[in-house]
Amino acid sequence: MSAFEFEGHEALVAQLRAGTLAAPGHLHRRVLAGAPAKRRRLAAMSARRRLVLAVPVAASLAIGAAVINGVFLSPSSSPTPFNAASRVVRNGGYPKLPSLSHGPKAVNGANGATGMQGPTGAEGPTGPAGPTGAKGATGLQGATGASGLKYSSRGGSATGAQSGGGPEGAVGKTGATGATPVHGAGAPASPDKAVTLAPLQAGADLPQTLDRAGAGIFNPSNSLVIPTGRLVHAEANLVVSVPDHDALTQATNKATQIVTALGGYSQSVQYAASHKGYGRSFLDLRVPLGKAEVAIQKLGQLGDLTAQSVSTQDLEQQFHQQTNQIDQLRRAITIYKQALQSGTLTGSQRVEVQIRLANAVDELKGTTKSRSQTVSSGRTAQIRLTLQTAGHAAVGPQKTGRLGQMLHNVGAFLAIEGIIVIYALIAALPILLLIALIWWFTRGRRQRDEKRLLAST
Amino acid sequence: MKPVNAMPAAIAASRPGRSQPFADVVAENLDAVYRYLVYLTGDRVAAEDLAAETFEKAYRGWRKFDPHRGAPRTWLCRIAHSVAVDWFRAEARRQRREDNYVRDTEMLGESVFADGFSPELDQALRRLTPAEREVVALRVLLELDGPSAARVLGISQTACSTRLSRALKRLEEEVGDVRV
């Protein structure tokens, strides 16, 4: 207590303290009548202390949930496609390969499809059976559905072909009805794309054809045909393993040389290597459609082909639609021009026709450009090639181990929790600020009222 | 007479005890709270009611009381202050409707703030504002330290000190005026 505050008023202070005033007895009884017993320790905790306690408890719960997630949901039973492929390479097992097409052969009805069904088999047959439907020689049983590419078009000029299994993949190794090639026959069928990229799965059955290729390495030399007689956009993804870093460099250069020699080019090349000898190259290549098969075959031979997928999209119908549209627009433009030159139109009609003419001209430009892009897209095939060192593929998962994976999962789960908390805070921040502002304003107002009230005698 | 700046035994006795029964707190602090309210309101009858209300609120909030944040007496005075402010608001509304003249003149004859006060001191105290009497009660009678009194009043320690100085000075002046 500060003595200086009472300086000069000691007598007055003493006089004030000398006065006695005790609460009346009835007030004591009145108050004590409602007095509770001892306080409970837990209940005595203030809101601030509860908050201080709640934060570590919440943090512990979050970490506990992350640990449980890491321990019980460890990815040992759900490998990523890449890891699975790595194990396949290391163990020499056979992967279940992605489905592939068998275009021309199927069209000719000579051989059955050798297409294989991956776990995400694309679609069943949509085209009608052709007159020369051949039996599948080595068709594979699909896991969930049939696969293969579908080629079709309108107006009976289709050369629909399909390969692989039936709708339910009911095709055995010996290819009971593996391919049902269609050749024209005026069958309407929709021009669909069939994306057939499927991850490699460890321990899956390998077809006989690939079995002969040996050692779990996929040899695509006789399993892929991209039709060249039609306007088709083709995309291929290849993953090729090479033994070491030097081989990776050579394969990367070689891949570029291959596509250049075939009249294509490398749109982008990404090369990454670590000091431990691991490395990867990602090449985005373009080759003329007619050379796509050769390119894929040669690129697959740069090392051990561990994954491959091919998808095609028929562009014929799109091309015809655009052509028809261009013709219609040209005719309309001619009519509009004739109408304008005739001089029979009123002023308002003339303006309207001029507007329509301008719109038609613009639309013609756009459609012409789109058709050019369609043609351009149909002339080249896109090949995405991934080259990686075998060490990278095999050692990667081993290096982390189960404990490492677990810790990784725990960290990832914590990161997700953190993100959720941050999002919640961001979302709640304006509301909290508003509440704080209202509270601060109300408090200030109350204090002013209180001061004014107590200042009046 | 106790030394002015010594730590009073009452405050020492009301230092936080973790499992102190509420009845003990009542026994130790009821007189102090009642006296504080008498000073604040200038009305013994009202102070009784307000003291009872204060302890009723304290009873309800006893589980929330954190002994680490202050002594029970400070906490009780804070509640009493809040209760008294509400009373002042109600009183202000009532006075606007009624004429309080008769009651005020009747009270002039007896000492309100303490037994044994001279009529001059009692009259002088009556002339102070409630805010001035409040700070005198907290610092002089209840002998709360500066931070505790400031917390009860909801103002800064400096403002509390200034208010006390002005209140004592004015009380001296009022006592002198009454004597003259």
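Of all residues in segment A:293-302, at least one satisfies being assigned to a helix (DSSP H, G or I), surrounded by fewer than 16 Cβ atoms within 10 Å (Cβ to Cβ) and over 28 Å from the mean Cα position of the chain (by Cα). Within segment A:390-448, being at pLDDT 90 or above and of a type in the set (S, T, N, Q) holds for one residue alone: A:Thr442. Restricting attention to segment A:282-307 and to residues that are among the β-branched types (Val, Ile, Thr) and in contact with a strand residue (DSSP E or B) (Cβ under 6 Å, 6 or more places away or on another chain), the residue that is nearest to A:His245 (Cα to Cα) turns out to be A:Thr306. Just give me the residues in segment A:226-271 being among the charged types (D, E, K, R) and under 28 Å from the mean Cα position of the chain (by Cα), in sequence order. Hit for segment A:226-271 is A:Glu235, nothing else.
The values are calculated or read from the model by the stated rules, or taken from the named source; none is laboratory data. As the structure is a computational prediction, the values presented were derived from the model and not from experiment. A quick note on method: Cβ atoms are made from the backbone with ideal geometry, for glycine too, and the neighbour counts reach across all protein chains shown.
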